[in-house]
Amino acid sequence: MKDIDQIPTLIRALYRTVAELQILFPGRPFTPDGHLVGSLGEVIAAHDYNLQLLPPSTEGHDAITEDSKHVEIKITQGTRVALRHEPEHLLVLKLYDDGTTEEIYNGPGHEPWGQSGRIQKNGQRPISLSKLKVLMRTVPEENRIRKKLEQPVANEGL
């Protein structure tokens, strides 16, 4: 089993632990967030879209495509993400507690940056996933990062 194949199993185990903690300590949130979720998003995106990850906390972007496009990767379990700058390309994923992801936005960063809210105290501009889904409908296929093609399964007996 490849390392990337272990992620869904590990995420399900993480959410089982979260549920147990919330039973033990009612009223206390134990939501996985911050660096944990961000790093999961980066390794999933790097694998699925054949991206080269930059060192952690690199200013501005998280990865580079094979054709040298800089990519900002955002992943959330919630309903919005936040941007600190206008990315060259933005890839936004939604993380589910079974370890699966959904592509929300995959395109140039200019439009989402322009549609983001005002700068918050933390220096970030929020944008909702619902708004990103609407923007995604306008992104031409040639402006998206292509997912790696799944390896075809050989037909046995032919």
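Would you work out the relative contact order for the range 34-140, in percent, from Cα pairs under 8 angstrom that are 6 or more residues apart?
Details: 187 pairs, mean separation 20.9, N = 107.
Relative contact order comes out at 19 percent.
Specify the longest stretch of the chain that does not include any exposed loop site, a site being one of the trypsin sites (Lys or Arg not before Pro) with a non-H, G, I, E, B DSSP assignment and at most 16 other Cβ atoms within 10 Å.
3-68
Using modelled backbone amide H atoms (1.01 Å from N, in-plane), which distant-in-sequence or interchain residues come within less than 5 Å of Arg84's amide H?
Arg125
DSSP loop chymotrypsin sites (Phe, Trp or Tyr not before Pro) in the range 1-84 with at most 16 other Cβ atoms within 10 Å of their Cβ, which ones?
Phe30
Return the long-range amide H neighbours of Ile104 (sequence gap of 5 or more, or a different chain), with a cut-off of under 5 Å between placed amide H atoms.
Val92, Leu93, Lys94
Which residue, Leu129, Leu21, Leu54, tops the fluctuation ranking in a GNM of the chain built on C-alpha contacts under 10 Å?
For the chain, modelled as a Gaussian network with Cα springs under 10 Å, the answer is Leu21.
With the Cα gyration tensor of the range 34-140 giving a ≥ b ≥ c as the square roots of its eigenvalues, does the rule (a/c under 1.5 for rounded; else a/b larger than b/c for prolate; else oblate) give rounded, prolate or oblate?
Rounded is the answer for the range 34-140, as its axis ratio a/c remains below 1.5.
Express in nm, to one decimal, how much length is gained between Arg118 and Phe25 on full extension, taking 0.36 nm for each residue of separation and deducting their alpha carbon distance.
On the way: separation 93, 0.36 × 93 = 33.48 nm, distance 3.56 nm.
Full-extension gain reported as 29.9 nm.
Please list, in chain and number order, the residues 5+ apart from Gly109 or on another chain whose amide H is under 5 Å from its amide H, with Hs placed from the backbone.
Amide H neighbours of Gly109, under 5 Å, 5+ apart: His89, Leu90.
Do you know the Lys pair count in the range 70-155 for C-alpha distances under 23 Å, with sequence separation 8 or more or different chains?
Lysine pairs meeting the criterion: 14.
Enumerate by residue number the GluC sites (Glu not before Pro) in the range 32-80 meeting two conditions: DSSP loop (anything except H, G, I, E, B), and at most 15 other Cβ atoms within 10 Å of the site's Cβ.
Here the GluC sites (Glu not before Pro) that fit, given the DSSP loop and packing criteria, are Glu59, Glu66.
Each value in this text was obtained by applying a stated rule to the coordinates, not by laboratory testing. All of these numbers come straight from a predicted model, not from anything done at the bench. Neighbour counts are summed over all protein chains in view; Cβ atoms, including those assigned to glycine, are modelled from backbone coordinates with ideal geometry.
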